[in-house]
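Colleague: Input: one structure, supplied below.
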Amino acid sequence: QCCGATLMARVLIVDDNQVISALYKKIFSRHQHDVLICDDGLIGLNTAREWLPDLLVLDVNLPRLNGFEVCQLLKAHEDHKVVKILMLSGKSDEAAFELSRKVGANGYMTKDSSPADVLKAAEELMQQESI
């Protein structure tokens with residue numbers, strides 16, 4: 001990134017709720033990000049491996065592989081450690097938050113967070129340097 005310009009990022013949204021996926025696709029696209037959506041954990045994992053997004057917005061409850069499994073499998077591979085992962089969950093319990101950190105997620109938000117807050121958190125994550 002140069003001179004404070006925001007570079008267009010690749011954002012992959014994996015959520016089986018099509019209303020939520022469509023909402024986030026619209027929001028990220030409006031901010032000049034390139035967005036793909038998937039509604040299944042296994043498809044999301046394979047898409048992330050092939051497309052290498054800058055950010056993965058990942059629901060916890062998904063068909064076939066849950067969000068924690070997708071995160072853990074993706075982060076296990078050296079080439080994919082740089083992908084920032086923001087978990088989105090209907091649960092605000094401490095156990096789910098701790099598990100998301102354990103499997104390598106970079107952030108965790110509940111689905112009742114406002115879309116503006118999710119976008120802000122996502123953009124902050126994407127600006128952080130990878131360790």
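Colleague: Going through the range 81-100 one residue at a time, which ones are small (Gly, Ala, Ser) and free of Cβ contacts under 8 Å to residues at least 24 places away in the same chain?
Modeller: 92, 95
Colleague: Let me ask something additional. Suppose the filter is out of contact with any Lys or Arg (no Cβ under 9 Å at 6 or more places or on another chain), part of a helix (DSSP H, G or I) and closer than 18 Å to residue 125 by Cα; does residue 21 pass it?
Modeller: In short, no.
Colleague: Give the number of residues within the range 44-66 that are open to solvent by 60 Å² or more (accessible area, probe 1.4 Å) and either closer than 15 Å to residue 122 by Cα or under 11 Å from the mean Cα position of the chain (by Cα) (or both).
Modeller: Step one: list which residues in the range 44-66 are open to solvent by 60 Å² or more (accessible area, probe 1.4 Å), which gives 46, 49-50, 52, 54, 61, 64.
Remaining after also requiring either closer than 15 Å to residue 122 by Cα or under 11 Å from the mean Cα position of the chain (by Cα) (or both): 54.
Counting residues in the range 44-66 that are open to solvent by 60 Å² or more (accessible area, probe 1.4 Å) and either closer than 15 Å to residue 122 by Cα or under 11 Å from the mean Cα position of the chain (by Cα) (or both) gives 1.
Colleague: Let me ask something additional. Against the definition (open to solvent by less than 50 Å² (accessible area, probe 1.4 Å), under 13 Å from the mean Cα position of the chain (by Cα) and at pLDDT below 95), how does residue 9 come out, yes or no?
Modeller: Spelling it out, residue 9 is indeed open to solvent by less than 50 Å² (accessible area, probe 1.4 Å), under 13 Å from the mean Cα position of the chain (by Cα) and at pLDDT below 95.
Colleague: A follow-up question, please. Output the residues belonging to the range 101-131 that are free of Cβ contacts under 8 Å to residues at least 40 places away in the same chain and β-branched (Val, Ile, Thr).
Modeller: Residues satisfying the conditions are 103, 110, 131.
Colleague: Quick check on my filter: what residues within the range 69-84 are open to solvent by less than 10 Å² (accessible area, probe 1.4 Å) and either among the hydroxyl-bearing types (Ser, Thr, Tyr) or part of a helix (DSSP H, G or I) (or both)?
Modeller: 70, 71, 74
Colleague: Name every residue in the range 85-99 that is over 20 Å from residue 47 (Cα atoms) and buried (at least 17 other Cβ atoms within 10 Å of the Cβ), in order of residue number.
Modeller: 89, 96, 97, 99 - these are the residues of the range 85-99 that are over 20 Å from residue 47 (Cα atoms) and buried (at least 17 other Cβ atoms within 10 Å of the Cβ).
Colleague: If we keep just the residues of the range 103-121 that are in a loop (DSSP other than H, G, I, E, B) and over 13 Å from the mean Cα position of the chain (by Cα), which is modelled with the highest pLDDT?
Modeller: Only one residue fits best here, namely 103.
Colleague: Those residues that are open to solvent by less than 30 Å² (accessible area, probe 1.4 Å) and touching an Asp or Glu at 6+ places or on another chain (Cβ under 9 Å), I need them from the range 13-43; list them, please.
Modeller: Across the range 13-43, the qualifying residues are 13, 14, 15, 21, 24, 28, 33, 38, 40, 41.
Residue-by-condition table, conditions (1) in contact with a Gly (Cβ under 9 Å, 6 or more places away or on another chain); (2) closer than 18 Å to residue 15 by Cβ:
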| residue | (1), (2) |
| --- | --- |
| 46 | no, yes |
| 52 | no, no |
| 57 | no, yes |
| 61 | yes, yes |
| 79 | no, no |
| 84 | yes, yes |
| 110 | yes, yes |
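Colleague: Would you check which residues across the range 92-102 are assigned to a helix (DSSP H, G or I) and among the hydroxyl-bearing types (Ser, Thr, Tyr) and list them?
Modeller: Of everything in the range 92-102, just one residue is assigned to a helix (DSSP H, G or I) and among the hydroxyl-bearing types (Ser, Thr, Tyr), namely 100.
The values are calculated or read from the model by the stated rules, or taken from the named source; none is laboratory data. The structure presented is a predicted model; accordingly, all values stated were derived computationally and were not measured. Here Cβ is always computed from backbone atoms with ideal geometry, including for glycine, and neighbour counts include all displayed protein chains. Surface accessibility is based on the protein's heavy atoms, side chains included, excluding ligands, DNA and RNA. Shrake-Rupley method; radii C 1.70, N 1.55, O 1.52, S 1.80 Å.
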